[in-house]
Amino acid sequence: MWLCILSVVIAYFIGNISPSILMAKAKGIDIRNEGSGNAGTTNALRVMGKKAGAVTLIIDVLKGTCAVLLGSLLAGHTGAMWCVVAVFFGHVWPVFFGFRGGKGVATAFGALMGLNPLLGLATLAIVVAGVLITRRMSVGSILGAVCFPVLSFFMEKDFIYLGIVVAVIVLIKHRANIIRLFRGEEPVMSIFERKTD
Ligand code: G3P
């Protein structure tokens, strides 16, 4: 029980490590006031370029995986499941950055890879399909969140309720994207933008 609580606390603080906020800070800007205002890969790519986007993606995914593996080591499968939620919360609401973080997609994916790699990869396949078809990361993220409880039901039943919590928060964090999508105003990912000159 105590080890489970300890691993959850550690996972939350691991989630606080925000490469996009830190890299933007080093450039004298606050990523949360630029582009979509999200402290995540898509916005880092949009605002700071490919290298920053790649670094953000790698660290955000890895911190999810590390937190969950640590939880599993300290407190078994139950600890690992709670650490998925804790590292996700730490990314979305980081105490070190005024509780203004990202939308949690990359971190949730990394965490899932630590919990159940097959479930992680199945979710990733849906996200990637959504992105490739629409060229919009938000569509992939939303699709992944909507399908996740179904995948969970078949692949990781124990995690279904916690998984639904994570999926619902991902959807709530995408509410501005959903409105833009309905208005036809959601931009395509910068890596898919065609150069006009
Ligand atoms: O994972 C975040 C992505 O789905 C949307 O990011 O910056 O376009 O709101 P953004």
> Any idea of the accessible area per residue across the stretch 114-197, 1.4 Å probe, to the nearest Å²?
Replying inline: 59 Å²
> What do you reckon, how do LEU57, LEU70 stack up by accessible area (1.4 Å probe), largest on top?
Replying inline: LEU57, LEU70
>> Under the rule a/c < 1.5 gives rounded, and otherwise a/b versus b/c splits prolate from oblate, where does the stretch 91-186 land using the Cα gyration tensor?
In response: oblate
> Using the Cα atoms of the stretch 5-125 to build a convex hull, what is its mean projected area in square nanometres?
Replying inline: 6.8 nm²
> Of all the accessible heavy-atom surface of the stretch 121-192, with the other protein chains kept in place and a 1.4 Å probe, what percent is carbon and sulfur?
Replying inline: 73 percent
>> Over the stretch 1-93, with the other protein chains present, what is the accessible area per residue in square angstrom, probe 1.4 angstrom?
In response: 46 Å²
> Any idea how far the Cα center of the stretch 144-197 sits from the one of the stretch 60-124, in Å?
Replying inline: 16 Å
> Suppose R0 equals 45 Å; then what is the FRET efficiency for LYS25 and PHE154 from their Cβ-Cβ distance, rounded to the nearest 0.05?
Replying inline: 0.60
> For the stretch 57-97, which whole-number percentage of the solvent-accessible area (1.4 Å probe, protein heavy atoms only) is attributable to carbon and sulfur atoms?
Replying inline: 82 percent
> Using Cα pairs under 8 angstrom and six or more residues apart, how large is the relative contact order of the chain, in percent?
Replying inline: 20 percent
> Under DSSP H, which helices of the chain have Cα atoms covering 18 Å or more of the helix axis and a Kyte-Doolittle average no less than -0.5?
Replying inline: 2-16, 50-92, 117-134, 137-155, 160-173
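The values are calculated or read from the model by the stated rules, or taken from the named source; none is laboratory data. If you're wondering where the values come from, they're calculated on a predicted model, not measured in any experiment. All Cβ positions, even for glycine, are placed from backbone atoms using ideal geometry, and neighbour counts span all protein chains on display. The accessibility values were calculated without ligands, DNA or RNA, using every heavy atom of the protein model including side chains. Shrake-Rupley method; radii C 1.70, N 1.55, O 1.52, S 1.80 Å.
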